[in-house]
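Just so you know, all these numbers are worked out from the coordinates, no wet-lab data involved. What you see is a predicted model; the values in this text were computed from it and never measured. Glycine gets a Cβ as well: all are built from the backbone with ideal geometry, and neighbour counts include every protein chain shown.
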């Protein structure tokens, strides 16, 4: 295998059209992200058909921008990494079809990438010293997983959400509070102004030691809001946001720490969109330090969906001999 491997990566699983160029998996030469948040705000969430159309409109120009910024050409790419799931089927197909067309026309190997797995690899991009093994909390709008990362591509899964993912709960509570979309960052901002211990919301403890459940918490918040309205009481939105967020992050943090200690790991790595949450970052860093554990978070731009993390994983998949072909299809419910 040649000394320097160049990867073109494409991510289109939801509402970001992103293309990146990486050298040897961990050096990002460009990472262009075209967000559709403004297009979906009106509807309070992502509309799949709108997302697909926007990806079609954006994909070619985003590829061109990524190549120009990197100073590279398509003919210099050694592989093309593309997200094939999980995600919105129409959105995924735009990225996959584009990647397959380039692969076929330029005879560049195609490397399929699992989007959730890609979130883990965001941490490798900026932290050049980070190497497996470590415990990883993967927490986003659609997924909440806890796993031990034993090596590149080798994982031991410990638990996952049984109902709502943490980010999904954030969005639903934000919608009920009338905060708008996306809900996670808005609740995080309001939480900094409220008292996180003013309202006692439940923490779910399940039979599955490292499994998560946020549906009951979400319902408890909605019930509290409805009861307060029926009593004619004015809602203290910052207190509700802070107390809800505290209930979520406490569970995420304590289960992660317990898993790391039980597994003999000395590092906890957090990945996914909710990894950008300040409440989670602060409590995880504080509690882990108290237990003698290190913590790692990606920068906030790499927490949300982006092609750089897809390119990092594609590089390691490429080295392991993983290849896709012209039959590669979208798998919207792809598991980790």
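Treating the angle as unsigned and between 0 and 90°, give the value, to the nearest 10°, between the Cα long axis of helix 89-106 and the longest Cα principal axis of the chain. Here the helix axis deviates by roughly 20 degrees. Once the Cβ-Cβ distance of residue 192 and residue 162 is raised to the sixth power relative to R0 = 25 Å, the FRET efficiency obtained is 0.25. Axis angle, to the nearest 10 degrees, between helix 278-290 and the longest C-alpha principal axis of the chain: 90 degrees. Could you tell me the distance between the Cα centroids of the stretch 98-117 and the stretch 23-53, to the nearest Å? Going from one Cα centre to the other spans 18 Å. Starting from the Cα gyration tensor of the stretch 193-336, take the square roots of the eigenvalues, sort them a ≥ b ≥ c, and report rounded, prolate or oblate (rounded when a/c is under 1.5, otherwise prolate if a/b is larger than b/c, else oblate). Since a/c reaches 1.5 and a/b is larger than b/c, the shape of the stretch 193-336 is classed as prolate. Apply 1/(1 + (r/R0)^6) to the Cβ-Cβ distance of residue 266 and residue 301, taking R0 = 25 Å, and write down the FRET efficiency to the nearest 0.05. The calculated FRET efficiency here is 0.40. Averaging the Cα positions of each part gives two centres, and for the stretch 132-168 and the stretch 179-201 these lie 24 Å apart.
So for the chain, averaging the separation of alpha carbon pairs under 8 Å that are six or more residues apart and normalising by length, what relative contact order in percent results? Answer for the chain is 25 percent.
In the chain, helices alone account for a calculated mean residue ellipticity at 222 nm of -14500 deg cm²/dmol, with every DSSP H run of four or more residues adding -39,500 (n - 2.57).
Considering only alpha-carbon pairs that sit under 8 angstrom and 6 or more positions apart, the relative contact order computed for the stretch 155-245 is 40 percent.
Of all DSSP beta bridges confined to the stretch 100-238, the antiparallel ones make up roughly 90%.
Normalised by the number of residues in the stretch 132-297, the mean separation of alpha-carbon contacts (under 8 Å, six or more apart) gives a relative contact order of 27 percent. Principal-axis analysis of the Cα atoms of the chain puts helix 237-263 at an angle of about 60° to the longest axis.
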